[in-house]
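The values are calculated or read from the model by the stated rules, or taken from the named source; none is laboratory data. On a predicted model such as this, the values are computed, not experimentally measured, just so you know. Methodologically, a virtual Cβ is constructed for each residue, glycine included, from the backbone with ideal geometry; neighbour enumeration extends over all protein chains shown. What goes into the accessible areas is simple: the full protein's heavy atoms, side chains included, and nothing from ligands, DNA or RNA. Shrake-Rupley method; radii C 1.70, N 1.55, O 1.52, S 1.80 Å.
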There are 2 protein chains.
Amino acid sequence: MKQVTVYDIAEEAQVSVATVSRVLNGSAPVSAATREKIEAIMRKRQFQPNALARSLTKKETGIIGVILPDITNPFFPEVFSGIELEGQEEGYTFFLCNTKGSYEKESEFLNIMREKRVDGILFIGGRINLKRCDPAMVREVVEHAERIPLVLVNGDLKDAGLTRVATDEYAGTILAVSHLIEQGHTRIGFIGGESHMSTTSVKLRAFRSAMKRADLPVTEKWVLPGSFSVDAGREHMKRLLEMPERPTAVCCINDFTAIGAIKTAVEQGLRVPDDLSIVGFDDILLAHHVIPELTTVSQQAGELGRTAVRVLRQLMNKDKVKKLTSLEPRLIVRQSTSPPPRQGDRRP
Amino acid sequence: MKQVTVYDIAEEAQVSVATVSRVLNGSAPVSAATREKIEAIMRKRQFQPNALARSLTKKETGIIGVILPDITNPFFPEVFSGIELEGQEEGYTFFLCNTKGSYEKESEFLNIMREKRVDGILFIGGRINLKRCDPAMVREVVEHAERIPLVLVNGDLKDAGLTRVATDEYAGTILAVSHLIEQGHTRIGFIGGESHMSTTSVKLRAFRSAMKRADLPVTEKWVLPGSFSVDAGREHMKRLLEMPERPTAVCCINDFTAIGAIKTAVEQGLRVPDDLSIVGFDDILLAHHVIPELTTVSQQAGELGRTAVRVLRQLMNKDKVKKLTSLEPRLIVRQSTSPPPRQGDRRP
DNA sequence: ATGAAAGCGCTAACAT
DNA sequence: ATGTTAGCGCTTTCAT
């Protein structure tokens, strides 16, 4: 079944294609009579303008490309939802690229996006979260950014000078640790996070700073970086519990590790938060479904997505844009934190 | 900065655009010498063929459109991941449309997909899960399906005769209920699910059938449909616990309600599974992060996505296609189910 | 093996 | 207000 084109419509309406195009775009005045006639025919013939042809001449596609590492990690759908919400109002459509953590896929997708002539790119996760990213990989992104508006979401690329939108993880960690301290904890551990990721060092730095500010010592053997998963959280907690001296509270790199930590603690007979307080980071959906509900720091993932689109739009309009737009995280106090047990109450 | 085109390449290589196109597509023999020359120039100039122009002439875009109700619901990212995995190998790219449960958005996206000339459509959730879908909405989908290969994933449209891929929810529920029965339960409840969704009636039908097959009575007041959320699960469980006579096991419409049910049960001082067994459906990630880990029925979301793409490909190739490809669900036994308490052990 | 030229379906000057 | 026409960047006959 042949697709109907502007020519078909023009012919049937006895006008030129230009007029058809005009009513399609409202780009120039058309007499009410012919307009209605054309519109009627379009409806009747179920005319669907070919977006490809249209984009080809207009040199814009209305597509925003989104690169993210793992749509299966609940944080990202949340961000993506925000992106969609903000972009949809202006008629944007999205090309979602899931890199599954592969830097090659990032490169590949970057190229595909260029071939597809997306109007802008949102780059989330992956190489932009590395503490030290290979200069070639940095350059690649910069080169793309020179041709297509691009914003880095929750990450950075050394010396690239790219436009960024990010939650202030440092401030967020301060919030979490301060909360623990206010509850009366003095013996606080920190677990999770791969050492080569910048989020790990940022949060660790904030952790140390918050402790120092309260004149509390950091017990190094309670600082256990490693990974971001639930299983990592379990492992870390297991190691912590094997120590003769244990913290009364643990600050976790993210909600996953926090949940793992809780599971292990509970399995070993500890009560959370009575015996051990645990705080996470991100506020993924899971955080309030888990028992006990997790005290955590909200990154406001949806808002992050919306903001990213707003900033990208500015970039696309060649407006003035701040190099860094930062979002303030919020502490969400739920059930996994409480004052520490009194000395006498401590379990063996 | 002007994009480089086949003409630029042709000019620099002193050949015609046709030859350039040939090396780009490998569509016809080109002498090794000129091929290499052209390839070198392409690399040097960072040539990126314009996918729009290409698709315009080739009449294919390599894009698969995916309509789903809520990317924030962990089941769908899992499906989408499978879709990507299967499609990427063949160079497909995806246009993800999140309808947020709005039927109008479904219509809107269906039209956008047509304008974008996607090569195929995967329709997941929304109106195709309705027990009785408005005929006009059915017709709309059918009309699109007549022009673009389209497969219905985990749903159906009455009398539409469309190609479908779905997990066998009936069989899955039988699995869950039988597991409970095998554990020795005789007093089993069923909670969750909106009554106007087909999944609810299918699962309820399976529930009744499994009970009957085991000569067990269904206690109607323990059958509480309602909704699909964690909160719904909490509500339902609360009502169940207020009854003088209670079931020893509950079959839940999905993992969310199951998790809600567990939370409420635990809050009320019951032990899961010792006092009350609970089984879910879907096997979302949450299911093994929750405490106790949830016994549930896996829909194999990833596999569902992969299969959907495979079937869609057949449709696109105009191969013979089965009207219904069905996936066998699997019972995943974890910690939330056990034999019922002996009478004497029952808590008040 | 390579080139010339006609489209693909639409928009945007430029005319009238 | 409407029509004519030249692209947009590529692929694909049809020649040679």
* To do: Select, from B:Thr57, B:Thr61, the only residue that is exposed (fewer than 12 other Cβ atoms within 10 Å of the Cβ) and among the β-branched types (Val, Ile, Thr).
  => B:Thr57
* Inside the stretch A:210-269, can you point out the residues that are more than 25 Å from A:His288 (Cα to Cα) and within 14 Å of chain B (Cβ to nearest Cβ)? -> none
* To do: Go through the stretch A:273-292 residue by residue and tally those that are modelled with pLDDT of 95 or more and either touching a Lys or Arg at 6+ places or on another chain (Cβ under 6 Å) or farther than 22 Å from A:Gly172 by Cα (or both).
  => 2
* Mind checking whether some residue in the stretch B:40-57 is within 12 Å of DNA strand C (Cβ to nearest atom) and in contact (Cβ under 8 Å) with a residue 12 or more places away in the chain? -> yes
* What do you reckon, is A:Glu106 surrounded by fewer than 16 Cβ atoms within 10 Å (Cβ to Cβ) and either touching a helix residue (DSSP H, G or I) at 6+ places or on another chain (Cβ under 9 Å) or at pLDDT 95 or above (or both)? -> no
* the stretch A:82-108, residues that are among the charged types (D, E, K, R) and farther than 23 Å from B:Glu86 by Cα -> A:Glu84, A:Glu86, A:Glu89, A:Glu90
* Taking B:Thr57, is it within 24 Å of B:Ser201 (Cβ to Cβ) and among the hydroxyl-bearing types (Ser, Thr, Tyr)? -> no
* Can you spot a residue in the stretch A:215-223 that is open to solvent by less than 30 Å² (accessible area, probe 1.4 Å), of a type in the set (A, V, I, L, M, F, W, C), modelled with pLDDT of 95 or more and not assigned by TED's automatic domain parsing to the domain that holds A:Asn129? -> yes
* Asked: For residues in the stretch A:31-48 being within 13 Å of DNA strand D (Cβ to nearest atom) and not aliphatic (A, V, I, L, M), which is nearest to the other protein chains (Cβ to nearest Cβ)?
  -> A:Glu39
* Asked: Any residue at all in the stretch B:86-100 that is at positive phi, of a type in the set (Lys, Arg) and either more than 16 Å from DNA strand C (Cβ to nearest atom) or surrounded by fewer than 18 Cβ atoms within 10 Å (Cβ to Cβ) (or both)?
  -> yes
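Yes or no: B:Ala265 open to solvent by less than 10 Å² (accessible area, probe 1.4 Å) and closer than 24 Å to A:Leu270 by Cβ?
yes
Within the group B:Ile71, B:Ile121, B:Ile112, which residue is more than 8 Å from chain A (Cβ to nearest Cβ) and either open to solvent by less than 50 Å² (accessible area, probe 1.4 Å) or within 22 Å of B:Phe281 (Cβ to Cβ) (or both)?
B:Ile121
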* To do: State whether one or more residues within the stretch A:70-81 are farther than 13 Å from B:Glu84 by Cβ, over 17 Å from the mean Cα position of the chain (by Cα) and either basic (Lys, Arg) or at pLDDT 95 or above (or both).
  => no
* Asked: Taking A:Lys158, is it open to solvent by 10 Å² or more (accessible area, probe 1.4 Å), touching a Cys at 6+ places or on another chain (Cβ under 8 Å) and more than 10 Å from chain B (Cβ to nearest Cβ)?
  -> yes
* Asked: Filter the stretch A:161-190 for residues that are open to solvent by less than 20 Å² (accessible area, probe 1.4 Å) and hydroxyl-bearing (Ser, Thr, Tyr); which is farthest from A:Thr325 (Cα to Cα)?
  -> A:Thr173
* So which residues in the stretch A:1-30 are near DNA strand C (Cβ under 6 Å from one of its atoms) and within 14 Å of chain B (Cβ to nearest Cβ)? -> A:Gln3, A:Thr5, A:Val6, A:Leu24, A:Asn25
* Residue selected from the stretch A:11-30 under the condition more than 7 Å from DNA strand D (Cβ to nearest atom) and hydrophobic (A, V, I, L, M, F, W, C), by the criterion farthest from the chain's Cα centre (by Cα) -> A:Ala13
